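Working notes, structure below.
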Amino acid sequence: MAKVAAVVLAAGEASRFGAPKQRLLLPRVLERLHETSVDEIVVVEGSYELSLPKEELRRASRVQLVRCPEWRLGPGASLRCGLAALDRDVDAAVVVMADGPNLAPESVQRVVAEWRSSGDTVAASYGGERGHPLVVGRADWGDVPDEGLRARVARLVPCDDLGAPGDVDTEDDLRAL
């Protein structure tokens, strides 16, 4: 069976939040990824140095932190750093955002299942709008632009019943959780 890993983008500056929100939200995102079938998890750091939560160290899990010196170029640069860090036998990457703490493990399972079936780039959709997680096969890793994969055509998998993963940009967003 094809090996699938997760890349968590956590390199941003968090300028609207005013503090390193990744440190607050990463444990919750990792917890939810552990409830999925991904074989490996890479967390991409950039603006802020991060550390793995103690739970991760106790699990002896396959989670690694990767520093991306080019993070200022955009999310695509961070994604390229994460993809480059994956094991050579990984066939696809599930892209998730560190500021999406309500990530539903089932949404990851759905997009991975669709990728396994179609081989296409696949994204979750909420209310008909493209969102995360996104799955991209290794064959498409070589041409990730700095702005990321937003412009890349993706097969949409409805995940409305699961709820969107969220997008914590401000302290008000965090309190609303």
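Most simply put, segment 67-177 has about 65% antiparallel DSSP beta bridges, counting only bridges with both residues inside it.
Grab the other residues whose beta carbon is less than 14 angstrom from that of residue 104, score K and R as +1, D and E as -1, and report the net.
Overall, the nearby charge balance is -2.
Remark: segment 101-117, residue by residue, has Karplus-estimated 3J(HN,Hα) of x, 9, 3, 8, x, 5, 5, 4, 4, 5, 5, 5, 4, 5, 4, 4, 6 Hz, where x stands for each Gly or Pro and the curve is 6.51 cos²θ - 1.76 cosθ + 1.60 at θ = phi - 60°.
Our coupling estimate for segment 69-79, obtained by passing each phi through the Karplus curve with A = 6.51, B = -1.76, C = 1.60 and θ = phi - 60°, is x, 9, 3, 5, 5, x, x, x, 5, 5, 5 Hz, Gly and Pro reported as x. For residue 135, the amide hydrogen comes within under 5 Å of the amide hydrogens of 95, 122, 123, counting only partners 5 or more places away or on other chains and with H modelled in the peptide plane.
Computed FRET efficiency, Cβ-Cβ of residue 73 and residue 161, R0 35 Å: what is it to the nearest 0.05?
Values: r = 36 Å, r/R0 = 1.03.
Here the calculated transfer efficiency is 0.45.
Overall, the accessible surface of segment 101-170 at a probe of 1.4 angstrom is composed of carbon and sulfur to the extent of 49 percent.
Compactness check for segment 109-172: Cα Rg over 2.2 N^0.38 Å is 1.19. Computed from backbone phi, the HN-Hα couplings of segment 39-52 come to 8, 7, 10, 10, 10, 9, 9, x, 4, 10, 6, 10, 9, 6 Hz, rounded to whole numbers (Karplus: 6.51 cos²θ - 1.76 cosθ + 1.60, θ = phi - 60°; Gly and Pro given as x).
Contact order for segment 49-155, expressed relative to its length and based on alpha carbon pairs under 8 Å spaced 6+ residues apart, stands at 30 percent.
The values are calculated or read from the model by the stated rules, or taken from the named source; none is laboratory data. These numbers were taken from a predicted model, which means no experiment stands behind them. Because the Cβ atoms are built from the backbone with ideal geometry, glycine has one as well, and the counts that use them run over all protein chains shown. Ligands, DNA and RNA are stripped out before the accessible areas are found, and what is left, the full protein with its side chains, is counted by its heavy atoms. Shrake-Rupley method; radii C 1.70, N 1.55, O 1.52, S 1.80 Å.
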